[in-house]
Amino acid sequence: MAGILALEKCFGSKNEQEKEEDSKMYKRYREIVSSLPSNDYWGDTMRLYKGFWQMGYLVPGIMAFEDNFKARETDIILTTLPKAGTTWTKALTFAILTRDVNHPSSPTHPLLFFNPHSCVQNLEYLYMGRENTMPDLDMLNESPRLFAGHIPYSLLPASVLKSGTKIINISRNRKSTFVSFWKFGNLINPDKLLDLEKSVDIFASGISFCGPEWNFQAEFTNAASTNSNLLLLSYEEMLEKPVENVKKLAEFMGCGFTDDEEKQGIVDEIVKLCSFDNLKNQQVNKNGSSYNSKIDNKHFFRKGEVRDWANYLTPEMIKKLETAGKINESE
Ligand code: PAP
């Protein structure tokens, strides 16, 4: 793999008839989406799809991914709850996999000029297509193909599980994920601010991006006991022991560090390159934007700490968040 996937060619290869079929497919998906249970979320519509709340506009992309993605054994998919550490892990996996061509201390490393979300793309966004044309990811010859997404385990296509595709999931303390998303939601929707207390109640009722949060995480935890191609990492442990976790990621992705590389300090260089302070301070992450210019990159780098939730949540809110999803023993 030489670097950022050459995705452009995946959008330009279809003839008129294929485009017409894609267009019909998206129309069908949108009709199904419009009939799904819905909820207002920062002024957007969330839809309950196969047991998980998703942004309504993304569901056709998830459906197209489920129905069309042809996984390869060499693929790697990073899938996480929003705000669990996606940006950081995109940077780390990308830096590890491409270190032969992009030395982590190089002044021209792609992560110094592109946000991690541009280096590793989310599958559900890719499969939203362009002008109703679905990308043909079979056109990608790179190996491995590194993708990401906010996709529940149970929604991964059968080919992902059958082919031996490697799956990486990062978990994070629920209160941290919640506060991170609440801050993010208000930053990107300054005209639709959501009150903290109301937001806690909505989250605790199970309604959040990819929620219920507890079901999303439980699926990955349960699957890890039988799926040896699934790696679970924790945001908190990554912060505490970055070197060990970078080595674990590399081993899992099939490109462990050689003794020579370790002696040369390449693991530390990757940790440094992908560190919160380093990425946050790059021009592209101060002034650039991602997701079709809809999100300022700076919003992906807020604090990067472990217990920031303690600065916002009252004891009552903490209780609501901690007990959410737990079945009452007497029921
Ligand atoms: P996404 O799902 O929208 O891509 P994601 O990257 O998962 O978001 O989460 C953002 C969180 O990761 C932010 O946490 P905070 O709000 O508690 O601060 C962000 O600061 C943190 N983050 C981003 N990059 C890094 C990094 N390199 N190291 C540690 N934390 C990071």
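No lab work stands behind these numbers, since they all come straight from the coordinates. Quick caveat: nothing in here was measured; it's all calculated off a predicted structure. Positions of Cβ are backbone-derived with ideal geometry, glycine not excepted, and every protein chain shown enters the neighbour counts.
Computed over the chain with a Gaussian network model linking Cα atoms closer than 10 Å, the most mobile of S171, S35, S199 is S35. The fewest-to-most ranking of T177, T45 by surrounding Cβ atoms within 10 Å reads T45, T177. When both bridge partners sit in the chain, DSSP labels roughly 45% of those beta bridges antiparallel. Please say if segment 68-110 is rounded, prolate or oblate, where rounded means a/c under 1.5 for a ≥ b ≥ c the square roots of the C-alpha gyration tensor eigenvalues, and otherwise the choice is prolate for a/b larger than b/c and oblate otherwise? Judged from the Cα gyration tensor, segment 68-110 comes out oblate (a/c at least 1.5, b/c at or above a/b). Residues whose amide H lies under 5 Å from that of L233, counting only those 5 or more places away or on a different chain, are N169, I170, S171; hydrogens are built 1.01 Å from N in the peptide plane.
With the cut-off at 1.5 for a/c, could you classify segment 49-195 from its C-alpha gyration tensor as rounded, prolate or oblate? Oblate, since a/c reaches 1.5 and b/c is not below a/b. For the pair S143 and E240, label points projected 7 Å from Cα toward Cβ lie 3.9 nm apart. Adding -39500 (n - 2.57) for every DSSP H run of four residues or longer, then dividing by how many residues the chain holds, sets the calculated 222 nm ellipticity at -12000 deg cm²/dmol.
For segment 116-239, a Kirkwood radius taken over Cα pairs fed into Stokes-Einstein (4 °C, viscosity 1.567 mPa s) yields D = 77 µm²/s. Note on R174, R130: ascending count of other Cβ atoms within 10 Å places them as R130, R174, the fewest first. Straight-line reach from K286: taking Cα to Cα under 19 Å and skipping same-chain neighbours fewer than 8 places apart, the lysines in range are K83, K90, K183, K272, K294, K298, K303. Each of C10, C255 was scored by other Cβ atoms within 10 Å of its Cβ. Arranged with the fewest first, they read C255, C10.
For the options I188, I207, I167, a Gaussian network treatment of the chain with springs between C-alpha atoms closer than 10 Å singles out I188 as fluctuating the most. How much of the calculated P(r) for segment 7-323 lies past 27 Å, in percent of all Cα pairs? Of all Cα-Cα pairs in segment 7-323, 44 percent lie more than 27 Å apart. Assuming a ≥ b ≥ c are the square roots of the Cα gyration tensor eigenvalues, decide whether segment 1-57 counts as rounded (a/c under 1.5), prolate (otherwise, with a/b larger than b/c) or oblate. Judged from the Cα gyration tensor, segment 1-57 comes out oblate (a/c at least 1.5, b/c at or above a/b). Going by Cα centres, segment 225-239 and segment 1-66 are how many Å apart? If you average the Cα positions of each part, the centres end up 28 Å apart. Length available on full extension from F276 to L36: 0.36 nm per residue minus the Cα-Cα distance, which gives 82.6 nm. In a Gaussian network model over the chain where Cα atoms closer than 10 Å are linked, find which of M317, M134, M46 has the largest mean-square fluctuation. Fluctuation is largest for M317.
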